[in-house]
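**Student:** What follows is a single structure, and I will ask about it in a moment.
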Amino acid sequence: MAPDPQILDELRRLRARVPQLTGALAAAVDEVVLAQDTPGVDPQGMAALTATTHAAAVKLADASGQGEFRELLVRGVYGYVATFSAGGGGSTTAVLTLLTQDRVNVGRLLLEGRRAAARIAELLDTQDTPAGRARQARPAAKPAAAKTTGTRTRTPRAPRTTTTTNARSTTDS
């Protein structure tokens, strides 16, 4: 399958924003490489590992009660592997995987990775790709039912009744 030029352009812009990035791969969860910029790494093998890792991370997030999978960060001796869900609302059809050097600013990596994953999800929604077709074929999510419980109020905190003497301010003469 030919790489998607718009997704490939997004990966290149991402590499420009995060200079310590050594590779970027966008793949469908069924192991199809959508676009890749991973010199020295087999993109098909990386897509297969990404799909397997994504499936395990989804199960872990669900089993631990943490909600829908969003991202995964793995730190190795030589750098990081960050995986981001490209989609939301239980409709993840693509995953963005980033490879970095060890000296990367992790906060910047997460920020830019989230932005790029959101952009890729938008591109997939508007394009005729296998991942985009899978997203468009899904029915729209039903709105969440409103909770019928009453409004929660906060109990005011009781005033402190004990006083302590500051040990540094008292002196014995």
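The values are calculated or read from the model by the stated rules, or taken from the named source; none is laboratory data. Remember, it's a predicted structure, so these values are computed and weren't measured experimentally. FYI the Cβ positions are ideal-geometry reconstructions off the backbone, even for glycines, and counts take in every protein chain you see.
**Student:** Listed residues 103, 108, 115; which is modelled with pLDDT of 90 or more, out of contact with any Asp or Glu (no Cβ under 8 Å at 6 or more places or on another chain), in a loop (DSSP other than H, G, I, E, B) and surrounded by fewer than 17 Cβ atoms within 10 Å (Cβ to Cβ)?
**Tutor:** Working: 108 fails: in a loop (DSSP other than H, G, I, E, B); 115 fails: in a loop (DSSP other than H, G, I, E, B).
Testing whether each residue is modelled with pLDDT of 90 or more, out of contact with any Asp or Glu (no Cβ under 8 Å at 6 or more places or on another chain), in a loop (DSSP other than H, G, I, E, B) and surrounded by fewer than 17 Cβ atoms within 10 Å (Cβ to Cβ) leaves just 103.
**Student:** Is it the case that segment 45-66 has a residue that's among the basic types (Lys, Arg), in a strand (DSSP E or B) and either surrounded by fewer than 23 Cβ atoms within 10 Å (Cβ to Cβ) or at pLDDT 95 or above (or both)? Even if it seems obvious, please write down each step before you answer.
**Tutor:** Residues of segment 45-66 among the basic types (Lys, Arg): 59.
Within this subset, residues satisfying the condition of being in a strand (DSSP E or B) are none.
No, segment 45-66 contains no residue that is among the basic types (Lys, Arg), in a strand (DSSP E or B) and either surrounded by fewer than 23 Cβ atoms within 10 Å (Cβ to Cβ) or at pLDDT 95 or above (or both).
**Student:** I've got another one for you. If only one of 103, 13, 108, 75 is closer than 22 Å to residue 124 by Cβ and out of contact with any strand residue (DSSP E or B) (no Cβ under 6 Å at 6 or more places or on another chain), which one is it? Spell out the reasoning first.
**Tutor:** On the way: 103 fails: closer than 22 Å to residue 124 by Cβ; 108 fails: closer than 22 Å to residue 124 by Cβ; 75 fails: closer than 22 Å to residue 124 by Cβ.
Checking each option against the conditions leaves just 13.
**Student:** Also, quick follow-up: Taking into account only those residues within segment 1-16 that are among the hydrophobic types (A, V, I, L, M, F, W, C) and touching a helix residue (DSSP H, G or I) at 6+ places or on another chain (Cβ under 7 Å), which is farthest from residue 95 (Cα to Cα)? Quick ask: steps written out before the conclusion?
**Tutor:** Taking segment 1-16 and keeping what is among the hydrophobic types (A, V, I, L, M, F, W, C), we get 1-2, 7-8, 11, 14, 16.
Adding the requirement that they be touching a helix residue (DSSP H, G or I) at 6+ places or on another chain (Cβ under 7 Å) leaves 7, 14.
Working: 7: 12, 14: 15 Å.
Among those that are among the hydrophobic types (A, V, I, L, M, F, W, C) and touching a helix residue (DSSP H, G or I) at 6+ places or on another chain (Cβ under 7 Å), it is 14.
**Student:** Among (1) within 12 Å of the chain's Cα centre (by Cα); (2) within 21 Å of residue 48 (Cα to Cα); (3) among the hydrophobic types (A, V, I, L, M, F, W, C), there is one condition residue 110 misses while meeting the rest; what is its number?
**Tutor:** (2)
**Student:** For segment 22-35, what are the residues that are more than 21 Å from residue 106 (Cα to Cα) and either surrounded by fewer than 16 Cβ atoms within 10 Å (Cβ to Cβ) or not small (Gly, Ala, Ser) (or both)?
**Tutor:** Of the residues in segment 22-35, the ones more than 21 Å from residue 106 (Cα to Cα) are 27-35.
Of everything in segment 22-35, those that are more than 21 Å from residue 106 (Cα to Cα) and either surrounded by fewer than 16 Cβ atoms within 10 Å (Cβ to Cβ) or not small (Gly, Ala, Ser) (or both) turn out to be 29, 30, 31, 32, 33, 34.
**Student:** Starting from segment 97-113, keep only residues that are among the acidic types (Asp, Glu), then list their pairs with residues that are part of a loop (DSSP other than H, G, I, E, B) and loosely packed, with under 14 Cβ neighbours inside 10 Å whose Cβ atoms are within a distance under 7 Å, requiring at least 6 positions of separation or different chains.
**Tutor:** 102/78
**Student:** Would you check if there is a residue in segment 77-84 being closer than 17 Å to residue 112 by Cβ and among the aliphatic types (A, V, I, L, M)?
**Tutor:** Filtering segment 77-84 for residues closer than 17 Å to residue 112 by Cβ gives 79-84.
From what's left, among the aliphatic types (A, V, I, L, M): 81-82.
Looking through segment 77-84, at least one residue is closer than 17 Å to residue 112 by Cβ and among the aliphatic types (A, V, I, L, M).
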